[in-house]
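These notes are about the structure you will find just below.
The values are calculated or read from the model by the stated rules, or taken from the named source; none is laboratory data. This structure is a prediction, so every number in the text was calculated from the model and none was measured. As a convention, Cβ positions derive from the backbone with ideal geometry for all residues, glycine included, and neighbour counts pool all protein chains shown.
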Amino acid sequence: MWSLRIWAALAVAAAVVVVMEGDLDAPAQASYAGEPGLVAYAEGHEIYTMNADGSDQRRLTFDSGTFIKQEWGCDEPRSVFTESSSPTWTPDGLEVAFLYHAADDRREVRAIDPVVGSMRVLFPDWEGTMPSWSPGGERIAYGDASGLWVANNDGSSPRRVTEPVFGGPPPLAEWPASLVKVEWSPDGKRLAFVLWTGGGCVSGTQDVTVIDADGSNRHPFVCQPRPDSFRVTVDWAPDGQRLVCDDGHGVIMTVRPDGSDLTPLQAEGGEGVWSPDGSQILYVSDDGQHDLRSYNTALNSTHLLLAGFRGADMDWQPVQQVPYPIGLVDPDTGVWRLAGDDGYLMSFYYGNPGDVPFVGDWNCDSIDTPGLYRQSDGYVYLRNHNSQGVADIRFYFGNPGDVPVAGDFNSDGCDTVSLYRPSEQRFYIINKLGSEDTGLGTAEFSFVFGNPGDKPVVGDWDADGFDEIGLHRESSGYFYFRNTLDTGIADGQFYFGNPADRFIAGDWGVVDGADTPAVYRPDTVTFFFRHTLTQGNADSSVTWGGSTWLPVAGASFGTS
Ligand SMILES: [Ca+2]
Ligand SMILES: [Ca+2]
Ligand SMILES: [Ca+2]
Ligand SMILES: [Ca+2]
């Protein structure tokens, strides 16, 4: 029945998981403002995204709506078309997964990156409902006519959690039941599913059941089903304490997972989805119009966002929060993802495959923005905004093979691009930027530091406002740094990181003006942060990204 392909990529693109170790205080998170994240939805065989206020609707899929076959159901012919449906964000929020009904009548689970537009097939032959991922992405839950299933995220080791028994008074109890939607709770402990039972073509009823992921504590009829209810939807509050659902007849409600404390919203409609911060529920009103509305859970008030909204099956993008001003650049696609001051990711295209990415404050406004160094011709491309666009500043500097190092080496509040030449183990420091496609000229000063094979990194190790340099020596595992920009022995050194780790530095964990190193480890797609310039284990870590992605670190990337 099942034909499943290993989905290794999910393990690579795991959700952002922030782990704080030791006794150090977690950095303060900026307060929530606005509605972060996109909302994916289905409309007319295709998948779209929009902002949470209904603006900026973008179509993601373009290959649906092709006639497949004629089907007879309930004594009426029905045309079946290729269709993309049931959009669901992957747990890392990077892709929209969806069910695709293919022209050969197969069903696939696909995923599309809304920034890049690239599409991949996760499961090429799928017969269940759209999978719902566990919060960490390690497992999937899905349903079919035989019950509720939990499996590894590659589809292996499926285990049936429960059978599809609708129950209730006759005739509901006698009719066959089937699962039509599954939603994993944010704490990973419970599953909510929509169960459908029908007596042929004339009647059918849907309702929501909540069950522990191990199959215990079954709570049926959580949303108080009424006869002839179709298209019941359900979504979890981000704290897992409540659900939003509807009875299929326009009564939209929130309720505890055990069915208690049912509270109808002061609104008619369905398709409710909870915002990642819990402050609002997005829904489609059912008062003759199909309007996109939002319900403020604190004020118990609703307001109109968009009149005449035809979307369905909405899913709100999981909000990634990264606690430090770090970023990752995918060198294969040129997609940048930077953690803003509010912790939310900004993503945009910049550069060509193979360019070496770095960041700096080129226009002295305290916001770090991208830079690229093209090692083949020594060209530097700097941009002053964290958005897609052309370079604001471009010039050439250095020799092929040089490694860019950016920092504020004279403490004037402006970053400049300097170089490390591995063939000479020599830093070339310059405190101005070039312009207008010209050469930058010679470096202001240069000095030798390090051994062949050392990897350079820039940071202000002594908190005096002047950036200096450091090196990672993979052969010994040592990190060396100097507090002056000249030749000499290291002012400090300690063991940190593994070979193949990618070094960055920033003022994280202990925010005192002094930079400390971190590594991005490709094989586990994890950043490991050291909060002091001393030897020891990582003080915190962030799991995020892809194994070929390159890390960058700044002081502030602003907010999108
Ligand atoms: Ca700037
Ligand atoms: Ca400077
Ligand atoms: Ca310094
Ligand atoms: Ca620090």
- Task: List the strands (runs of 3 or more DSSP E) that sit entirely inside region 377-417 and contain at least 1 residues that are more than 15 Å from ligand 1 (Cβ to nearest atom) and closer than 11 Å to Gly360 by Cα.
- Result: 403-407
- Which one of these is within 16 Å of ligand 2 (Cβ to nearest atom), more than 14 Å from Val405 (Cβ to Cβ) and modelled with pLDDT of 90 or more: Gly459, Gly434, Gly465? Gly465
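Please state which one of Phe481, Phe496, Phe503 is surrounded by 20 or more Cβ atoms within 10 Å (Cβ to Cβ), farther than 18 Å from Phe527 by Cβ and away from ligand 1 (no atom under 16 Å from the Cβ).
Numbers: Phe496 fails: farther than 18 Å from Phe527 by Cβ; Phe503 fails: farther than 18 Å from Phe527 by Cβ.
When all the criteria are applied, what remains is Phe481.
Can you find a residue in region 402-410 that is of a type outside the set (Asp, Glu), in contact (Cβ under 8 Å) with a residue 40 or more places away in the chain and away from ligand 3 (no atom under 16 Å from the Cβ)? Break it down stepwise before answering.
Taking region 402-410 first, the residues of a type outside the set (Asp, Glu) are 403-407, 409-410.
Imposing the further condition that a residue be in contact (Cβ under 8 Å) with a residue 40 or more places away in the chain reduces the set to 403-407, 409-410.
Filter once more, keeping what is away from ligand 3 (no atom under 16 Å from the Cβ): 403-404.
Among the residues of region 402-410, at least one is of a type outside the set (Asp, Glu), in contact (Cβ under 8 Å) with a residue 40 or more places away in the chain and away from ligand 3 (no atom under 16 Å from the Cβ), which makes the answer yes.
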- Please state which of the following conditions Thr487 fails to meet, knowing it meets all the rest: (1) under 18 Å from Thr416 (Cβ atoms); (2) out of contact with any His (no Cβ under 7 Å at 6 or more places or on another chain). (1)
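Test Thr516 against the criterion of being within 29 Å of Asp341 (Cα to Cα), away from ligand 2 (no atom under 16 Å from the Cβ), of a type in the set (S, T, N, Q) and surrounded by 20 or more Cβ atoms within 10 Å (Cβ to Cβ), and give yes or no.
Values: within 29 Å of Asp341 (Cα to Cα): yes; away from ligand 2 (no atom under 16 Å from the Cβ): yes; of a type in the set (S, T, N, Q): yes; surrounded by 20 or more Cβ atoms within 10 Å (Cβ to Cβ): yes.
Yes.
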- In region 128-149, which residues are out of contact with any Leu (no Cβ under 8 Å at 6 or more places or on another chain), surrounded by fewer than 23 Cβ atoms within 10 Å (Cβ to Cβ) and among the β-branched types (Val, Ile, Thr)? none
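Give the residue, chosen from Ala237, Ala298, Ala307, that is surrounded by fewer than 21 Cβ atoms within 10 Å (Cβ to Cβ) and within 25 Å of the chain's Cα centre (by Cα).
Numbers: Ala298 fails: within 25 Å of the chain's Cα centre (by Cα); Ala307 fails: within 25 Å of the chain's Cα centre (by Cα).
Exactly one of Ala237, Ala298, Ala307 is surrounded by fewer than 21 Cβ atoms within 10 Å (Cβ to Cβ) and within 25 Å of the chain's Cα centre (by Cα), namely Ala237.
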- Across region 274-310, what is the total count of residues that are under 22 Å from Ala237 (Cβ atoms) and not in a loop (DSSP other than H, G, I, E, B)? 16
- Query: Is there a residue in region 473-480 that is within 16 Å of ligand 4 (Cβ to nearest atom), under 28 Å from Glu424 (Cα atoms) and among the aromatic types (Phe, Trp, Tyr)?
  - Reply: yes
- Message: Yes or no: region 332-342 includes at least one residue that is within 15 Å of ligand 2 (Cβ to nearest atom) and either small (Gly, Ala, Ser) or surrounded by 22 or more Cβ atoms within 10 Å (Cβ to Cβ) (or both).
- Response: no
- Residue in region 211-227 that is surrounded by the most Cβ atoms within 10 Å (Cβ to Cβ), counting only those that are touching a residue at least 12 places away in the same chain (Cβ under 8 Å) and small (Gly, Ala, Ser): Ala213
- Message: Need the failing condition index for Thr90 against (1) under 30 Å from Pro331 (Cα atoms); (2) of a type in the set (Val, Ile, Thr); (3) out of contact with any helix residue (DSSP H, G or I) (no Cβ under 8 Å at 6 or more places or on another chain), just the number.
- Response: (3)
- Search result, residues across region 100-112 that are over 21 Å from Glu138 (Cβ atoms) and either among the charged types (D, E, K, R) or surrounded by 17 or more Cβ atoms within 10 Å (Cβ to Cβ) (or both): Tyr100, His101, Ala102, Asp104, Asp105, Arg106, Arg107, Glu108, Ile112
